[in-house]
1. Conditions: (1) surrounded by fewer than 13 Cβ atoms within 10 Å (Cβ to Cβ); (2) touching a helix residue (DSSP H, G or I) at 6+ places or on another chain (Cβ under 7 Å). Val39 meets all but one. Number of the miss?
2. Quick one: would you say Val140 is among the β-branched types (Val, Ile, Thr), within 17 Å of Leu48 (Cα to Cα) and modelled with pLDDT under 95?
3. For the structure I just gave you, tell me whether Ile33 is surrounded by 17 or more Cβ atoms within 10 Å (Cβ to Cβ) and over 20 Å from Ala147 (Cβ atoms).
4. What do you reckon, is Ser25 assigned by TED's automatic domain parsing to the domain that holds Ile143, hydroxyl-bearing (Ser, Thr, Tyr), within 20 Å of the chain's Cα centre (by Cα) and more than 18 Å from Asn142 (Cβ to Cβ)?
5. If I ask for residues that are assigned to a loop (DSSP other than H, G, I, E, B) and either of a type in the set (A, V, I, L, M) or under 15 Å from Phe88 (Cα atoms) (or both), which ones from the stretch 1-42 would you list?
6. Considering the stretch 64-77 alone, what residues qualify as being in a loop (DSSP other than H, G, I, E, B) and either within 27 Å of the chain's Cα centre (by Cα) or surrounded by fewer than 20 Cβ atoms within 10 Å (Cβ to Cβ) (or both)?
7. Would you call Val110 farther than 16 Å from Asn142 by Cα, modelled with pLDDT of 90 or more and surrounded by 16 or more Cβ atoms within 10 Å (Cβ to Cβ)?
8. Which one is farthest from Ile84 (Cα to Cα), of the residues in the stretch 52-63 that are part of a helix (DSSP H, G or I) and free of Cβ contacts under 8 Å to residues at least 40 places away in the same chain?
Amino acid sequence: MFSMNTTRTIVGIIGNLASVFLRISPLPTIVQIWKKKSVEQYSAAPYLATFLNCGLWVFYGTPIVHPNSLLLLTVNGLGVVITIVYLFVFLYCSDRNNRFKVALIVLAEVVFMAAHAILVLTLAHNWKLRSAIVGSTAGVCNILVYASPLAIMAPNGIGALAGLAQLVLYAKYYKSNKSLDENSQVDIEVGKSEFGLTTHAKKPSSEA
């Protein structure tokens, strides 16, 4: 029967393998972007969120924050390297405006991680407190990784709702305009009929 430490190690290795497969899952998309030299409709949000998340977990896995976390340190270190490659391809194949935005976010994330590390190491004087702070921050970023597809879904969802609203308004006012056009046509026909009757009534008097 396995000891607790052995079981923990086995489960950690399995978790690391699953994490590696998760990190390389966007590879077909990245290859497609590289071949076409265009990011097309793809968003950098998942890669940006993963870069920040892996960076924080690397800091968490260091001995000064959470000792005996070699598996966590190595798998997230690999995640940082893989994500940097993805971001490089994304930046290389983006247009000028998109490249600037993504580069600015990457810079902001690096500054945030550096400032976070400095504050934790300066203000937290034992590894348990450091572990709690960094773990909480990394946990929030971990949620952002799985919520990052909403950055794509939300604008599309809003666009779909806006389009639906436009269709409803068009249908409503189309019926109203059609009704007004029909009434106007009736008024015109009535006016023509009245004009015809009037001229017809005056015609005999002119002949007399």
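1. Only one criterion is unmet by Val39, namely (1).
2. Yes, satisfied.
3. Criteria met by Ile33.
4. Judged against the criteria, Ser25 is not a match.
5. Met1, Pro26, Lys37, Ser38, Val39, Tyr42
6. If the condition is that a residue be in a loop (DSSP other than H, G, I, E, B) and either within 27 Å of the chain's Cα centre (by Cα) or surrounded by fewer than 20 Cβ atoms within 10 Å (Cβ to Cβ) (or both), then Ile64, Pro67, Asn68, Ser69 are the ones that fit.
7. Answer is no for this residue.
8. Val58
The values are calculated or read from the model by the stated rules, or taken from the named source; none is laboratory data. No experiment lies behind these values; they were computed from the predicted model shown. Neighbour counts are summed over all protein chains in view; Cβ atoms, including those assigned to glycine, are modelled from backbone coordinates with ideal geometry.
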